[in-house]
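Down below is the structure, laid out as structure tokens.
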Amino acid sequence: MAPSVSGAALPQPIAQPITRTSPAAQVAWFSTFTRPDNKRALVGIDSGGAIVAAFDDAVLAPTIGFWRSADGASIYLAMRDRITAYSALTGKQERSYTKTAGGIVASAFSPDGRWLALLTPGPDPRVDVLDLRTGNWQSEPAAHDPNAQLPGMAGNIASVVWGTLVFADSAHLYLLMDWGGPVRLTSFLIAADKLTHVATAVHGQDGRQFSSCAGPAVATKVVADSEVLVVFCHYDGAVSFFGLTKLTSLGAVQSGQKNPFWLSPIFTPDGQLLYLHNPPDFGDAMQVIDLRTRVMLGPLPTPTKLGDRGPFSWLMPIAYAGGVASTQPISPDGLRLYTDTSDGIVVLRVPDLKPLTKLAPGTSVSEIWISGDGRTVFASGGDRKSLVIARDDGSGVKIVPLPAESGGFLASEHG
């Protein structure tokens with residue numbers, strides 16, 4: 001018998017415009033490492049399977065962070081004294097910025113690609129914002145409790161902070177800090193090219209009860225017309241909701257995660273749903289949270305056979321739809337979700353997850369990255385020693401041997 005949830009119904013997806021159309025945004029970038037010396041590299045491979053560029057261990061050794069830009073067209077490498085942008089298409093240097101002093105805890109690009117925000121570590125952490133057009137830096141103190149809880153951490157942790165940055169839009173920046181407790185949420189405004197601290201709210205202040213997270217990793221997304229911050233805690237699988245207008249708690253939903261770091265969060269681009277994928281090694285199941293109503297459904301087995309009904313189809317009699325994972329494997333228009341199996345890449349329809357087709361059948365795959373225009377699907381081979389490439393219609397399948405073991409994709413969004 002199909003499960004039932006009173007009043008529950010998954011929303012139809014809102015197709016999103018395809019904006020990452022530059023040739024550079026179609027190149028897959030991923031890290032590799034060799035054993036036993038663990039030398040790293042970043043490698044770019046195009047849809048034809050050709051290596052277009054690479055940064056070896058000599059380049060990466062002094063880095064303290066590297067990211068892909070919001071539009072997918074550039075790769076940024078950060079060192080202690082500078083940040084350098086490279087073309088994701090050719091690997092050629094585009095621009096270098098002098099960096100303010102300090103390490104990096106978290107980073108975020110504004111949606112319009114103009115601003116790069118960084119969080120530096122304690123004991124006096126700050127939020128630094130770089131104008132990528134002019135190279136100018138601005139800085140504001142990052143409100144922080146020096147006695148914040150850091151569950152599981154030991155040793156000299158005086159300068160350790162847990163924090164993450166997220167842009168709601170290109171003018172509004174938020175900092176979630178000290179989520180081990182006491183949680184605090186800070187808002188900043190970028191107006192007339194100036195960064196300004198707006199407000200800070202802390203657990204226990206004015207009756208606020210913010211949910212904490214007992215591990216160092218979270219995934220975030222701003223939804224509901226930039227009014228709600230959703231935070232997934234990788235340690236216990238809890239999903240917390242924060243109102244951004246008044247910096248308040250809107251409650252939390254506890255997922256069915258059985259062990260830390262088992263679930264991979266996948267937010268739909270329209271901000272309506274959060275899928276939580278339990279990978280094949282840990283049961284291959286799927287949960288979904290309706291971010292509008294904050295109702296969780298599942299876990300139910302992830303479908304892998306063509307012809308199967310979607311696990312959430314009982315909520316949708318009519319359909320109108322046209323891991324810490326390094327990626328969120330969902331099409332840029334938000335209509336298809338991709339899951340890895342030992343027998344290829346299964347393409348699932350959003351929101352009910354009905355299997356639509358299978359790419360590269362007979363091939364074991366693990367992590368998946370979708371090109372900026374959604375036309376090419378890249379996946380790490382099951383042994384992480386090869387890259388599987390397929391067009392979104394299933395044609396043109398290629399299996400490309402890698403120069404070293406894959407360590408994950410470099411993506412604009414990650415789990």
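The values are calculated or read from the model by the stated rules, or taken from the named source; none is laboratory data. Being a predicted model, the structure only gives us computed values, none of them experimental. In this analysis, Cβ positions are derived from the backbone assuming ideal geometry, glycine residues included, and neighbour counts consider all displayed protein chains. All accessible areas refer to the heavy atoms of the entire protein, side chains included, with ligands and DNA or RNA removed. Shrake-Rupley method; radii C 1.70, N 1.55, O 1.52, S 1.80 Å.
Some notes on this structure:
- Shape category assigned to the range 370-410 from the gyration tensor of Cα positions, a/c cut at 1.5: oblate
- Computed lengthening from SER159 to HIS197, 0.36 nm per intervening residue step minus Cα-Cα distance: 11.5 nm
- Cα gyration tensor shape of the range 16-98, rounded if a/c is under 1.5, else prolate or oblate by comparing a/b with b/c: oblate
- Of the residues ARG95, ARG114, ARG375, ranked by 1.4 Å probe accessible area with the largest first, the sequence reads ARG375, ARG95, ARG114.
- Taking a ≥ b ≥ c as the square roots of the eigenvalues of the alpha-carbon gyration tensor, the chain is classed oblate because a/c is 1.5 or more while a/b is no larger than b/c.
- The candidates PHE261, PHE188, arranged from most to least accessible area with a 1.4 Å probe in the full protein assembly, appear as PHE261, PHE188.
- Number of Lys pairs (Cα under 21 Å; 8 or more positions apart or on different chains) in the chain: 7
- Accessible surface for the chain, divided over its residues, is 42 Å² per residue with a 1.4 Å probe.
- Spin-label model, GLN149/SER170: points 7 Å from Cα along the beta carbon direction are separated by 4.0 nm.
- The largest accessible area among ASP352, ASP57, ASP393 belongs to the first residue in ASP393, ASP57, ASP352, and the rest follow in falling order (1.4 Å probe, all chains).
- Packing here is the average count of other Cβ atoms within 10 Å per residue, and on that basis the peptides 197-207, 81-91, highest first, run 81-91, 197-207.
- Percent accessible area from carbon and sulfur atoms, the range 1-146, protein chains only, probe 1.4 Å: 53 percent
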